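Derivation of every value follows stated rules applied to the coordinates shown; laboratory data play no part. Keep in mind that what you see is a predicted model, and the values were worked out from it rather than measured. Positions of Cβ are generated from backbone atoms using ideal geometry, with glycine treated the same way; all protein chains shown enter the neighbour counts.
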Amino acid sequence: MEPMEEISGNFIHDIIDADLAAGVNDTVHTRFPPEPNGYLHIGSAKAIYINYSTAKKYGGKFNLRYDDTNPVKEGDEFVQSIYEDLCWLGAIPDGGVFYGSDYFEQCYEFAVKLIKDGKAYVCDLSAEEMKEYRGTLTEPGRNSPYRDRSVEENLDLFERMKNGEFPDGAKTLRAKIDMASPNINMRDPAIYRIVHAYHHRQKDRWCIYPLYDYAHPIQDALEGITYSLCSLEFENHRPLYEWVVDNIGFEKKPKQREFARLNVTYTVMSKRYLRKLVEEGLVEGWDDPRMPTLCGLRRRGYTPASIFDFVKRAGVAKAYSIVDYELLEHCIREELNATAARKIVILDPIKVVITNYPEDKVESFPVANNPNDPEAGTREVPFAREVYIDRSDFEEVPPPKYFRLKPDGEVRLMGAYIIKCNEIIKNEDGSIKELHCTADLETGNGKPLDGRKVKGTIHWVACRFAKDIQVALYDKLFTIPNLNDMGENETYDDYLNRDSVKILAGCKAEPSLTDEENVRYQFVRTGYFIKDSKKENTFIRIVELKDSFTK
């Protein structure tokens, strides 16, 4: 086994360490088993990270296996997106890419074995009747009237199910375990159901499909998975997982262990609801920058490193918790503060005419590309008589201790001159058209010669060199932090933020701003931005500059 990489330990690694020391296993092989019925989201990133990093730490293998055992809502679009997301995260499935549907033949053969061993039977109860017979948490279930069918009858009926002789829901194959078990999952669970539907890989070959709790342990065992690491909702399913492995008779038995899911404030992880948002046109698509999907986060400008950093900081444990969305923002902000090139962009421009500056003169001032990285150097920003400043940097009637531009007040244009506002030119409706200012032309490279102090500094762009761009400001998709706090008769729709995107047209950018994709910038004094990969001349705000996360 290769030397272990320095990856933070957790309770799962403690289990593995004990198994390796005791000789239970000599390798570590994990898997990520998504159902291809939607796009992966930030919660999926935790499962990916745990399985991938665990295999990597112990020099083992990591598989991607599509859980495509339910043909109704699965498709190639989701298959491709899942693989793309894994590769983008850097979690390359070096153990192989597999499909649950590729094991249908073995699953069927093992089901026949269970029938022959008297451990499975064909049941005619409807879904409603099965639920009634199952009992409750305090009362045992009742045996199905079909539980004691002979082996021969069960084999015949199961083959006829496979051959398509019965309609959907007419029959199921159930494991024969214990209807009085305190664990409801062990009360003769269904392991096969009839579904007459086209499968994206198997096409029309099958009309019976194994259920996840039956198929998953078989797939793990056949692939040589040693640790099936899954979220906590499967903890009560673990006895069934072990029952399947034991009763089919696998010699090498995978071990299922569970961790708490990743829950994030202002976020819904339900793929069903996310699909609803897409299908009803409430968002632009699965990759809408407001969506918690990995492709949405990618389009918004989040990096794989920031997402895995977020997962690591959120922690690996068994206890339920909900993590602040602000922690995710903090992770990307911390990364980009060190790496993103700075650019000057005016979101809400107002023209400033510097009346004592020559009309035809153009000069340039050096501005740091990243003050946190001296090796990033500087760039030359052109300056001319007319510049744009942000409307929020001027107040006609300023509040106390206002240090930006105001009538008869002075302010430093970042990296350039100190200017003083002398005149406000207005439109007919009373709105400000432009400001006329004078510059202290001795302050281009330093402080005023007379020693006066000017506290305010604002950013600017020379009008004649400005690029016109559009900026998209995305907010949180929901209006309350914890969607579990909804009232009894409320739904997610009641808290959907209908004003979660604001498009700003006519923004002005310095000429060195490029529209290269996957390049992240800090727009000075504003936030971090990336070129939208789907909209021409549009930049998406990744995150604001201000960090509200409590460290």
Given charges at Cβ of Lys, Arg, Asp, Glu: the chain dipole, positive-most of 501, 237, 268
501
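Rounded to the nearest 5, what % of the DSSP beta bridges within region 472-551 are antiparallel ones? Don't jump to the answer; show the numbers that get you there.
Values: 13 of 14 bridges.
Looking only at bridges with both residues in region 472-551, the antiparallel portion is about 95 percent.
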No solvent, one uniform scatterer per C-alpha: report log10 I(q)/I(0) for region 464-551 via the Debye equation at q = 0.18 1/Å, two decimals.
-0.86
Charge sum, other residues only, whose C-beta stays under 10 Å from residue 93's C-beta, Lys/Arg counted +1 and Asp/Glu -1:
+2
Output ³J(HN,Hα) for region 143-153: one whole-Hz value per residue in order, computed from phi by the Karplus curve 6.51 cos²θ - 1.76 cosθ + 1.60 with θ = phi - 60°, and x for Gly and Pro.
5, 5, x, 9, 5, 9, 4, 6, 4, 4, 5
Region 176-231: which trypsin sites (Lys or Arg not before Pro) are DSSP loop and have at most 14 other beta-carbon atoms within 10 angstrom?
205
Can you find, among 321, 458, 144, the residue sitting farthest towards the positive end of the charge dipole of the chain, where Lys and Arg contribute +1 and Asp and Glu -1 at Cβ?
458
Sorted largest first, the C-alpha extents of region 2-103 along its principal axes in whole angstrom are 44, 27, 21
For the chain, what does -39500 (n - 2.57) per DSSP helix run (n ≥ 4), summed and divided by total residues, give at 222 nm, in deg cm²/dmol to the nearest 500?
-8000 deg cm²/dmol
If each part is reduced to its alpha-carbon centroid, region 421-477 and region 56-101 end up apart, in Å, by 52
Gain on full stretching of the segment that runs from residue 537 to residue 423 - 0.36 nm per residue minus C-alpha separation
37.6 nm
First select every other residue whose beta carbon is under 11 angstrom from the beta carbon of residue 236; then total the charges, Lys and Arg +1, Asp and Glu -1.
-3
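Within the set 46/255; 119/276; 46/171, which residue pairs have Cα atoms separated by over 30 Å?
Numbers: 46/255 19 Å; 119/276 40 Å; 46/171 37 Å.
Among 46/255; 119/276; 46/171, the Cα-Cα distance tops 30 Å for 119/276; 46/171.
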With +1 assigned to the C-beta of every Lys and Arg and -1 to the C-beta of every Asp and Glu, and no other charges, what is the dipole magnitude of region 345-459 about the Cα centre in debye, to the nearest 20?
400
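Taking the Cα centre as origin and putting +1 on Lys and Arg beta-carbons and -1 on Asp and Glu beta-carbons, what dipole magnitude results for region 384-517, to the nearest 20 debye? The partial results should precede the final answer.
On the way: 19 positive and 26 negative charges, 193 e Å.
That gives a dipole near 920 debye.
Around residue 62, with a cut-off of 9 angstrom between Cβ atoms, what is the net charge of the other residues, counting Lys and Arg +1 and Asp and Glu -1? Can you show the working numbers first?
Values: positive: 31, 56, 61; negative: 94.
Result for the local shell: +2.
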Charges only on Cβ, +1 for Lys and Arg, -1 for Asp and Glu: so what's the dipole of the chain about the Cα centre, in debye to the nearest 20?
820
Using modelled amide H (1.01 Å from N, peptide plane; none on Pro or chain starts), what sits under 5 Å from the amide H of residue 192, excluding residues fewer than 5 places away?
173, 211
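Just the number, please: Stokes-Einstein D of region 275-392 in µm²/s, Kirkwood Rh from C-alpha pairs, 10 °C, 1.306 mPa s.
Details: Rh = 18.5 Å.
Reported coefficient: 86 µm²/s.
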Mean projected area, convex hull of alpha-carbon positions in region 414-526, reported to one decimal in nm², is 13.0
Treating the angle as unsigned and between 0 and 90°, give the value, to the nearest 10°, between the Cα long axis of helix 42-57 and the longest Cα principal axis of the chain.
70
What's the center-to-center distance, using Cα atoms, between region 25-48 and region 479-551 in Å?
28
Translational diffusion of region 345-459, µm² s⁻¹ [Kirkwood Rh, Cα pairs; Stokes-Einstein; 20 °C; 1.002 mPa s]
142
In Å, the Kirkwood estimate of hydrodynamic radius for the chain over Cα pairs equals 27.7
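Between residue 452 and residue 546, what's the calculated FRET efficiency when r is the beta-carbon distance and R0 is 45 Å? Round to 0.05. Present the calculation step by step, with values, prior to reporting the outcome.
Values: r = 30 Å, r/R0 = 0.67.
Efficiency, from the Cβ-Cβ distance: 0.90.
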